[in-house]
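Only one structure is covered here, and it is reproduced in the block below.
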Amino acid sequence: MTWQDFKMQYLVRFWAPVPAVIAAGVLSAYYFGITGTFWAVTGEFTRWGGHALQLFGFHPETWGYFKVIHLEGTPLDRVDGMMIIGMFAGCLSAALWANNVKLRMPHHRVRIAQAVLGGLIAGFGARLAMGCNLAAFFTGIPQFSLHAWLFALATAAGSWFGARVTMLPVFRIPVKLQKVNAPQPLQQREDQARRRFRLGMLIFAAFTLWALARTFSMPKLGLAALFGLAFGLIIERAQVCFTSAFRDLWLTGRTQMAKAIIAGMAVSVIGVYSYVQLGVPPKILWAGPNAVIGGVLFGFGIVLAGGCETGWMYRAVEGQVHYWWVGLGNIVGATLLAAWWDDIAPAVATDYAKVNLLAVFGPQGGLVLTYGMLALAMLAVMWWEKRFFADKAQAARFSKEAA
């Protein structure tokens, strides 16, 4: 294979979602084993909100929530911080390789309102449940925490409501059609594409060298940055978005991304299980109402906003301004939850048990149960897909007969 063939196939074109998400599942398992933590982003975004408050003279470090997730240092001193910086570097590199960076403004004020409000609700819900789509689906479930299953089911329900709300007339923005006299050929700016590809390679190489240099003094931080770089490349090139997985499921019956996510979790489970058996402790969180309420809010919020944590990150670096607002709302919502945590935590979270499926059902029992539930999830998705298109075909048939 020549360099040009490799470049077009693996760096410029989009990647198939199923192998890409499976690769993300494998990487998340290694990330857990090497760093001792999980692939997640909203916890660190909450810390960024805390740092912003500190700049204005507030003292969020005294809040109970930040005592749980810790606010010490800066993003450069934390595993999560370095990983997220790596994700942004990976997303930007991949977008530049494909010449997929262009400033795109929202077409209507309603879209901005959706972005901010949806991001705020999603950020609040994610941190109420102590996780997001990544911390639950790609890490909480593979780490055998019951709270992640509660969150996942609640997220599905919340996304269903969100899909119905976004179909209301207030959110249906009219599309302006422009009359043309002749078809216009696509403008291929080859010079711009070459320059951006080189810039993307420069960012990728520079960040890789910097991260490798950090591994000599702080191995976990440097490795976290490299993992983040890989995560960023995957989510941008494969356009991995949990919002589309849920929204498409309810509105169009498309299940490719949902199936890919379940497959990625299944691959991650065995890797995490192996590390747990070697003595790496899994992250188990409260299986209380917070997981359910937070999941419903998160599912609703990501569909209203049009993007989840992974989705808004790569779309933001691609120049889609709508997702800058989603990200801002996400951080604000997460920080609001941190401010209210001390008042609500006992009632919804901390008075409830942290349920480890491996501890309750035994190592083999917990593993079999987890794979059984993943199999049921896959069957449910396949059943819904079949029913959706059967109902659609029946409706079309009735419409034709009535006409």
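The values are calculated or read from the model by the stated rules, or taken from the named source; none is laboratory data. Since we're looking at a predicted model, the values are computed, not measured. Cβ placement follows ideal geometry from the backbone for every residue including glycine, while neighbour counts extend to all protein chains displayed. Just so you know, the surface numbers come from the protein's heavy atoms only, side chains and all, with ligands and any DNA or RNA stripped out. Shrake-Rupley method; radii C 1.70, N 1.55, O 1.52, S 1.80 Å.
Quick notes on this structure:
- Residue tally, condition more than 25 Å from Leu233 (Cα to Cα) and over 22 Å from the mean Cα position of the chain (by Cα), over segment 96-112: 4
- Among the residues here, Leu134 qualifies as buried (at least 20 other Cβ atoms within 10 Å of the Cβ) and outside any loop (DSSP other than H, G, I, E, B).
Residue by residue, here is whether (1) of a type in the set (S, T, N, Q); (2) open to solvent by 60 Å² or more (accessible area, probe 1.4 Å); (3) closer than 20 Å to Tyr31 by Cα; (4) assigned to a helix (DSSP H, G or I) holds:
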residue: Gln192; (1), (2), (3), (4): yes, no, no, yes
residue: Thr208; (1), (2), (3), (4): yes, no, yes, yes
residue: Ala211; (1), (2), (3), (4): no, no, yes, yes
residue: Arg214; (1), (2), (3), (4): no, no, yes, yes
residue: Gly228; (1), (2), (3), (4): no, no, yes, yes
residue: Gly232; (1), (2), (3), (4): no, no, yes, yes
residue: Glu236; (1), (2), (3), (4): no, no, yes, yes
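- Within segment 250-349, helices (runs of 4 or more DSSP H) holding 2 or more residues that are under 23 Å from Leu379 (Cα atoms) and open to solvent by less than 10 Å² (accessible area, probe 1.4 Å): 256-277, 289-305
- Residues of segment 240-288 classified as of a type outside the set (D, E, K, R) and within 25 Å of Val165 (Cβ to Cβ), total: 17
- Condition broken by Met130, with the remaining ones in (1) over 20 Å from Cys241 (Cβ atoms); (2) modelled with pLDDT of 90 or more; (3) under 18 Å from the mean Cα position of the chain (by Cα) satisfied: (2)
- Meeting the requirement of 3 or more residues that are open to solvent by less than 50 Å² (accessible area, probe 1.4 Å) and among the polar types (S, T, N, Q), no helices (runs of 4 or more DSSP H) wholly within segment 1-58 can be named.
- When Asn100 is tested against (1) modelled with pLDDT under 95; (2) in a helix (DSSP H, G or I); (3) not small (Gly, Ala, Ser), exactly one condition is not met: (2).
- Gly90 being at pLDDT 95 or above and either crowded, with 21+ Cβ neighbours inside 10 Å or part of a loop (DSSP other than H, G, I, E, B) (or both): yes
- Being in a helix (DSSP H, G or I), under 18 Å from the mean Cα position of the chain (by Cα) and surrounded by 24 or more Cβ atoms within 10 Å (Cβ to Cβ) is a description that does not apply to Ala156.
- Boolean, Val292 is within 23 Å of Pro19 (Cα to Cα) and within 19 Å of the chain's Cα centre (by Cα): no
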